[in-house]
Amino acid sequence: MDFGLVGEVTRRLIELPNSITCIDTGYIRPQLASCYLIQQDGAAGIIETGTGNSLATILAVLKYKKIPVENVHFVMPTHVHLDHAGGAGHLMQELPNAKLVVHPRGARHMVDPSKLWQGASAVYGEQAMQRMYGEILPIDESRLIIVDDGQVLDLSGRPLLFIDTPGHARHHYSIYDEQSKGFFTGDTFGMSYKELASAELPFIMPTTSPVQFDPDAWYLTLRRYLEYKPERMFLTHYSMVEDVETLAADLRRRIESYVDIALSCEDSENRVELMKSKIKDLTFAELRESKCPLPMSASKGLLEMDIDINVQGLEVWLNRK
Ligand SMILES: [Zn+2]
């Protein structure tokens, strides 16, 4: 791909209000995973990093927007899963003044990513790893800012509030940006692919990937989001959604259904297969009900990998519980 061509850059961007740009990180297929550029008075921050394969795209966007690499102050992966933080090491090498903002539970994995690699290999298989994620580079400890719950960082006069948001993962923070009245939610407000949205409402789905799914913590996190009365959520999978209260209720209900399904299969012999078939039935029934514009066969193709990964996460949860 030639990033010298402006069209190649712009077709990967969704320009949002309040100087926020959603960037397609090119993970697996178009509009599956994003990162965000947030600009304020000449300074910039990048939320999520994509994978090791996303670097060229992010650098091309900075160049296209005439943002010198020196002006990027913060790189902020919401958690250390590799589609969110896998590219952090590559990016930090190119951004001389940036600090990597990380959750206390994720920090050591950014300094020594070997466990991350092993963990992801267990989910995706060693073969797919190189192709999906490229290389994962360590980051020097001196470049980290480890943020506690409630900490605020100042992006050139724009306060960014970090809150601890467990449920999908224990090493997950979310960022509240007062200016846009929006949260950058990583995976904790679920996923919502553009292709599945009806004319009235996006379709939101749980992200129960291994290994730290925790439904009770998640319900509290959803309540906590709503305390800020956010008007929009910036999802990594994929881009901005509004109708926050409705979607929070949809997401909560679907997490509860996942839990019910997992518990109902607990004592079955082939419970992984059984959970998979029940989650599929549930998802496609709800998609039909929500007037999803995509033909069912296409939706199935789109969600196959996510449902697989969600069921793997439920299986880990059942074993841990
Ligand atoms: Zn994740």
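If you put +1 on each Lys and Arg Cβ and -1 on each Asp and Glu Cβ, how big is the dipole of the chain around its Cα centre, in Debye rounded to 20?
280
In nm, to one decimal, how far is the modelled label at ASP281 from the one at ALA122, with both set 7 Å along Cα→Cβ?
Between ASP281 and ALA122, the simple spin-label model gives 3.1 nm.
Which angle between 0 and 90 degrees, to the nearest 10, do you get for helix 271-289 versus the longest principal axis of the chain when only C-alpha atoms count?
80
Only Cα pairs within less than 10 Å get springs; with that Gaussian network setup on the chain, which residue of GLY150, GLY106, GLY167 has the largest fluctuation?
Most flexible of the set in this elastic network: GLY150.
Can you check what the net charge comes to around ASP148, using other residues whose Cβ is under 12 Å from the Cβ of ASP148 (Lys, Arg +1; Asp, Glu -1)?
For residues surrounding ASP148, the net value is -1.
Which value results when the Cα radius of gyration for the stretch 136-193 is divided by 2.2 N^0.38 Å?
This ratio for the stretch 136-193 stands at 1.27.
Rg/Rh for the chain to two decimals, with Rh computed the Kirkwood way over all alpha-carbon pairs.
0.95
Could you let me know the centre-to-centre spacing of the stretch 126-199 and the stretch 69-83, using Cα atoms, in angstrom?
Their Cα centres are 8 Å away from one another.
Rank by packing, highest mean first: peptides 109-117, 36-44, 221-229, with packing defined as the count of other Cβ atoms within 10 Å averaged across residues.
Peptide ranking by packing, descending: 36-44, 109-117, 221-229.
Please report the Cα spread of the stretch 1-69 along all three principal axes, rounded to whole Å, starting with the longest.
Dimensions of the stretch 1-69 along the principal axes of its Cα atoms: 33, 23, 21 Å.
Ranked from the most accessible area to the least, with a 1.4 Å probe and all protein chains present, what is the order of ARG105, ARG232, ARG252?
ARG105, ARG252, ARG232
Relative to the first principal axis of the alpha-carbon coordinates of the chain, what is the inclination of helix 296-320, with its axis defined by its Cα atoms, in degrees from 0 to 90 and to the nearest 10?
Relative to the chain, helix 296-320 is tipped by roughly 80 degrees.
Roughly how many percent of the accessible protein surface of the stretch 108-242 is carbon and sulfur, given a 1.4 Å probe and a whole-percent answer?
With neighbouring chains kept in place, the figure for the stretch 108-242 is 49 percent.
Write down Rg/Rh for the stretch 92-181, rounded to two decimals, with Rg from the C-alpha atoms and Rh from the Kirkwood relation over Cα pairs.
Ratio of gyration radius to Kirkwood radius for the stretch 92-181: 1.02.
Which of rounded, prolate or oblate describes the stretch 162-253 when judged by the alpha-carbon gyration tensor and an a/c cut-off of 1.5?
The shape class here is oblate.
Please work out the FRET efficiency for the pair ASP41 and ALA249, using the Cβ-Cβ distance as r and a Förster radius of 30 Å; give the result to the nearest 0.05.
Efficiency, from the Cβ-Cβ distance: 0.20.
Between ASP154 and VAL69, what is the FRET efficiency for a Förster distance of 22 Å, r being their Cβ-Cβ separation, to the nearest 0.05?
0.65
Keeping all protein chains in place and using 1.4 angstrom, which order do TYR27, TYR124 fall into by accessible surface area, from largest down?
TYR124, TYR27
Calculate for the chain the 222 nm mean residue ellipticity that helices alone would give, adding -39,500 (n - 2.57) per DSSP H run of length 4 or more and normalising by residue count, nearest 500 deg cm²/dmol.
-12500 deg cm²/dmol
Working from Cα positions, state the angle (0 to 90°, nearest 10) between the long axis of helix 55-64 and the longest principal axis of the chain.
50
Could you give the accessible area per residue of the stretch 251-321, probe 1.4 Å, as a whole number in Å²?
53
Accessible area, 1.4 Å probe, largest first: how do ARG254, ARG320 sort?
ARG320, ARG254
The values are calculated or read from the model by the stated rules, or taken from the named source; none is laboratory data. No experiment lies behind these values; they were computed from the predicted model shown. Positions of Cβ are backbone-derived with ideal geometry, glycine not excepted, and every protein chain shown enters the neighbour counts. Surface areas here come from the heavy atoms of the whole protein model, side chains and all, with no ligands, DNA or RNA. Shrake-Rupley method; radii C 1.70, N 1.55, O 1.52, S 1.80 Å.
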